[in-house]
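Undergrad: One structure follows; several queries about it will come next.
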Amino acid sequence: MKIGITCYPTYGGSGVVATELGKALAAKGCEVHFISYALPHRLNSFVENVIFHEVEFTTYPLFEHSLYGLSLTSKMVEVIQYENLDLLHVHYAIPHATSAYLAKQILKKENKQTKIITTLHGTDITLVGLEPSFLPLVKFSIEESDGVTAVSRFLKEKTITNYNINKDIEVIHNFIDTEVYKPVNHEQFKKHIAPNGERILVHTSNFRPVKRVPDTIRILKEVQKKIPTKLVLVGDGPERSECERLARELEVHKDVIFLGKQDGLTEILSSSDIFLLPSQSESFGLSALEAMACGVPVISSSVGGLPELVRHNETGFIAEFGDVQRMAKYAIDLLTNEKKYKVFSDNCIKLAKDNFEKKLIVPQYLKYYEKVLNS
Ligand code: GMT
């Protein structure tokens with residue numbers, strides 16, 4: 001099968017899922033063509049059967065704003081035609097699903113049929129897509145896709161209700177490679193971060209407001225009242241400065257370690273005791289799954305698709321978003337109960353392996369591709 005994949009190439013769950021899926025499909029013998037404005041960051045070494053096509057931007061004094069969606073359409077047309085793709089799978093609806101629709105219409109005129117599958121990831125549906133300037137286009141592009149998948153049951157329901165869409169949407173959860181994300185030896189990192197044996201809370205994200213990263217600092221402040229604890233923050237983005245400021249205001253700045261963007265997450269996660277994800281909106285929570293696969297229990301908010309991943313009182317705890325006190329109480333409970341912690345940690349690894357392992361989820365995409373191609 002020849003598959004085109006379009007995604008955002010930067011740090012972010014949708015790009016990670018798209019790239020890991022493409023690599024896994026290539027390993028199964030598919031020919032995979034990535035189409036984006038930059039090389040996806042998880043595509044950092046040669047992979048057999050994977051080809052990258054860069055979308056070039058045209059600048060012109062009249063174009064005050066980027067016309068990326070249109071340049072992308074032209075590149076999609078070119079790649080589908082010249083590489084004879086069977087289908088194009090776009091990740092994140094805006095503008096990818098719209099560009100794909102346009103490309104399909106252009107190719108129809110040339111008598112080239114192609115199928116479009118759109119995977120909805122999160123804020124394309126719950127936040128950005130709802131803006132009046134995007135809503136009709138997102139609804140139309142979803143309805144016109146030959147197949148649509150969502151990364152959680154929550155996101156499927158939200159799409160149907162928010163956009164009044166009457167269409168079959170297949171739920172295919174996020175996945176991880178448990179041969180990569182697994183508990184690893186971490187002594188050096190642990191000694192460096194917590195030289196006096198402090199416990200470690202960790203959070204990774206792109207520091208956008210929906211992630212509520214400042215809440216992790218407030219949780220740390222509460223937990224420290226009972227247990228010496230450090231907080232490791234991985235990633236970067238718009239809220240980082242506010243977090244730096246808040247850490248100083250709460251006088252915990254010496255215990256908050258900002259690592260910025262990092263690639264080798266397995267070591268950092270394995271060194272940590274609890275993963276915090278206090279998001280205001282989260283369609284699935286890939287970062288929490290990565291932590292769980294490393295044996296790290298998760299304390300998260302109860303929003304979106306998080307309850308489909310975090311089993312309350314089994315693999316961690318969920319609380320209402322913004323309820324810092326409760327999240328801190330849960331953290332203290334886990335950190336002071338060694339037996340319970342071990343059970344939770346083992347449950348996390350088992351849940352990740354049994355439900356969200358790459359080997360289980362990638363075939364679900366392949367099966368769905370076949371269904372769409374035969375429809
Ligand atoms: O929707 C976004 O905010 C972007 C997207 C990304 O690229 O980071 O994140 C979403 O997709 C991930 C992969 O499917 C999910 O695990 C995240 O939960 C989801 N983020 C949100 O819903 C905020």
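The values are calculated or read from the model by the stated rules, or taken from the named source; none is laboratory data. This is a predicted model, so every value here is computed, not measured. Positions of Cβ are backbone-derived with ideal geometry, glycine not excepted, and every protein chain shown enters the neighbour counts. Note: accessible area is taken over every heavy atom of the protein model, side chains too, but ligands, DNA and RNA are not part of it. Shrake-Rupley method; radii C 1.70, N 1.55, O 1.52, S 1.80 Å.
Undergrad: Hey, could you check region 337-371 for residues that are acidic (D, E) and assigned to a helix (DSSP H, G or I) and say which is farthest from F275 (Cα to Cα)?
TA: The residue in question is E370.
Undergrad: Restricting attention to region 1-19, which residues are within 16 Å of the ligand (Cβ to nearest atom) and in a strand (DSSP E or B)?
TA: Within region 1-19, I5, T6 qualify.
Undergrad: Residues being in contact with a helix residue (DSSP H, G or I) (Cβ under 8 Å, 6 or more places away or on another chain) and either of a type in the set (F, W, Y) or not in a loop (DSSP other than H, G, I, E, B) (or both): count how many of those fall in region 132-179.
TA: Count: 23.
Undergrad: Let me ask something else. Can you pull out every residue in region 269-300 that is part of a helix (DSSP H, G or I) and either at pLDDT below 95 or more than 12 Å from the ligand (Cβ to nearest atom) (or both)?
TA: L269, S270, S271, A291, M292, A293
Undergrad: Scan region 249-267 and report the pairs whose first residue is hydroxyl-bearing (S, T, Y) and whose second residue is part of a loop (DSSP other than H, G, I, E, B), with Cβ atoms within less than 8 Å and a gap of 6+ or a chain change.
TA: T266/V180; T266/Y181; T266/K182; T266/V184; T266/C294
Undergrad: Could you list, in sequence order, all residues of region 157-188 that are in contact (Cβ under 8 Å) with a residue 24 or more places away in the chain, within 16 Å of the ligand (Cβ to nearest atom) and within 17 Å of the chain's Cα centre (by Cα)?
TA: Within region 157-188, I172, H173, N174, F175, I176, D177, Y181 meet the criteria.
Undergrad: A follow-up question, please. What's the number of the only condition in (1) open to solvent by 10 Å² or more (accessible area, probe 1.4 Å); (2) part of a helix (DSSP H, G or I) that G237 fails to meet?
TA: Of the numbered conditions (1) open to solvent by 10 Å² or more (accessible area, probe 1.4 Å); (2) part of a helix (DSSP H, G or I), the odd one out for G237 is (2).
Undergrad: Restricting to region 37-65, and then to whatever is in a strand (DSSP E or B) and touching a Leu at 6+ places or on another chain (Cβ under 8 Å), can you tell me which residue is most open to solvent (accessible area, probe 1.4 Å)?
TA: E54
Undergrad: Just one of (1) more than 14 Å from the ligand (Cβ to nearest atom); (2) open to solvent by less than 70 Å² (accessible area, probe 1.4 Å) trips up V213, so point out which.
TA: Just one mismatch for V213, condition (1).
Undergrad: Any idea which of (1) among the polar types (S, T, N, Q); (2) touching a strand residue (DSSP E or B) at 6+ places or on another chain (Cβ under 7 Å); (3) surrounded by fewer than 23 Cβ atoms within 10 Å (Cβ to Cβ); (4) in contact (Cβ under 8 Å) with a residue 24 or more places away in the chain is the one S287 doesn't satisfy?
TA: The number of the failed condition is (3).
Undergrad: Here is a further query. Can you find a residue that is within 15 Å of the ligand (Cβ to nearest atom), within 13 Å of the chain's Cα centre (by Cα) and open to solvent by 10 Å² or more (accessible area, probe 1.4 Å) anywhere in region 20-32?
TA: Taking every residue of region 20-32 in turn, at least one turns out to be within 15 Å of the ligand (Cβ to nearest atom), within 13 Å of the chain's Cα centre (by Cα) and open to solvent by 10 Å² or more (accessible area, probe 1.4 Å).
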